[in-house]
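Down below is the structure, laid out as structure tokens.
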Amino acid sequence: MLIDILDWDWKLRIAVEAGAERRGRLSKGLAYGRDFVIRGRVRAPGELQGKAIKVTLSPFGRKVKFGRGGLQQIGDLRIPTAGSHCDLEATLMLPEDAIPTTAASLATLWKNLQIITLNECADGAAISHYFFGVHIHSNLEAWANAE
């Protein structure tokens, strides 16, 4: 799937950790997250062309493992529930170490996002790979510009 990036935001979420509130005091503390939210439009494949998509890049730390004994995918693609402001939603995992580069590149360079899916079904798919790009690679131009 090829997505044109229309705009993005860097959200900061703060919440009280589960079980942290005890007798009106915080015993453990606050949980926070720094998600990037990208608003885009699907460019290809043709059957999804023009659909609005919201992509959340969710940072993860060094303890998260992939492959055997760990996670088998780096994100998911789904059709949102009724009332959503987009046609599709995706969540992609982003290494915490990549946050500064991601913020700088979204602001200055990256124009598109390519997502490789697997295990597609009627309500979504798993995501195995993703790539950001400045230009559409020449071997993908016909696919990306098909009408």
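Take VAL55 and tell me if it is in contact with a Leu (Cβ under 9 Å, 6 or more places away or on another chain), at pLDDT 90 or above, among the β-branched types (Val, Ile, Thr) and surrounded by 15 or more Cβ atoms within 10 Å (Cβ to Cβ).
Working: in contact with a Leu (Cβ under 9 Å, 6 or more places away or on another chain): yes; at pLDDT 90 or above: yes; among the β-branched types (Val, Ile, Thr): yes; surrounded by 15 or more Cβ atoms within 10 Å (Cβ to Cβ): yes.
It is true that VAL55 is in contact with a Leu (Cβ under 9 Å, 6 or more places away or on another chain), at pLDDT 90 or above, among the β-branched types (Val, Ile, Thr) and surrounded by 15 or more Cβ atoms within 10 Å (Cβ to Cβ).
Open to solvent by 50 Å² or more (accessible area, probe 1.4 Å) and not β-branched (Val, Ile, Thr): does that describe LEU140?
For LEU140, the condition - open to solvent by 50 Å² or more (accessible area, probe 1.4 Å) and not β-branched (Val, Ile, Thr) - is not met.
For (1) modelled with pLDDT under 90; (2) basic (Lys, Arg), each residue gets a yes or a no:
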{"site": "ASP4", "(1), (2)": "no, no"}
{"site": "ASP9", "(1), (2)": "no, no"}
{"site": "ALA15", "(1), (2)": "yes, no"}
{"site": "GLY19", "(1), (2)": "yes, no"}
{"site": "ARG43", "(1), (2)": "no, yes"}
{"site": "GLY67", "(1), (2)": "yes, no"}
{"site": "ARG78", "(1), (2)": "no, yes"}
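Is region 92-103 home to any residue that is within 14 Å of ILE5 (Cβ to Cβ) and in a strand (DSSP E or B)?
Within region 92-103, one or more residues are within 14 Å of ILE5 (Cβ to Cβ) and in a strand (DSSP E or B).
Pairs, please: C-beta under 8 Å, at least 6 apart or cross-chain, first residue closer than 9 Å to GLY75 by Cβ and in region 117-128, second loosely packed, with under 14 Cβ neighbours inside 10 Å?
Note: pairs meeting the criteria are ALA126/GLN72; ALA126/LEU118; ALA126/ASN119; ILE127/ILE116; ILE127/LEU118; SER128/ILE116; SER128/LEU118.
Taking region 76-91 only, how many residues are of a type outside the set (Ser, Thr, Tyr) and outside any strand (DSSP E or B)?
Initial filter on region 76-91 (of a type outside the set (Ser, Thr, Tyr)): 76-80, 82-83, 85-90.
Now drop any that are not outside any strand (DSSP E or B), which leaves 79-80, 82-83, 85-87.
Summing the residues that are of a type outside the set (Ser, Thr, Tyr) and outside any strand (DSSP E or B) in region 76-91 gives 7.
Would it be correct to say that LEU94 is under 12 Å from the mean Cα position of the chain (by Cα), touching a residue at least 60 places away in the same chain (Cβ under 8 Å) and surrounded by 11 or more Cβ atoms within 10 Å (Cβ to Cβ)?
Considered against the rule, which asks whether it is under 12 Å from the mean Cα position of the chain (by Cα), touching a residue at least 60 places away in the same chain (Cβ under 8 Å) and surrounded by 11 or more Cβ atoms within 10 Å (Cβ to Cβ), LEU94 comes out as no.
The values are calculated or read from the model by the stated rules, or taken from the named source; none is laboratory data. Please read all numbers here as calculations on a predicted model, not as lab measurements. Using ideal geometry, Cβ is built from the backbone for each residue, glycine included, and neighbour counts are taken over all protein chains shown. Surface areas here come from the heavy atoms of the whole protein model, side chains and all, with no ligands, DNA or RNA. Shrake-Rupley method; radii C 1.70, N 1.55, O 1.52, S 1.80 Å.
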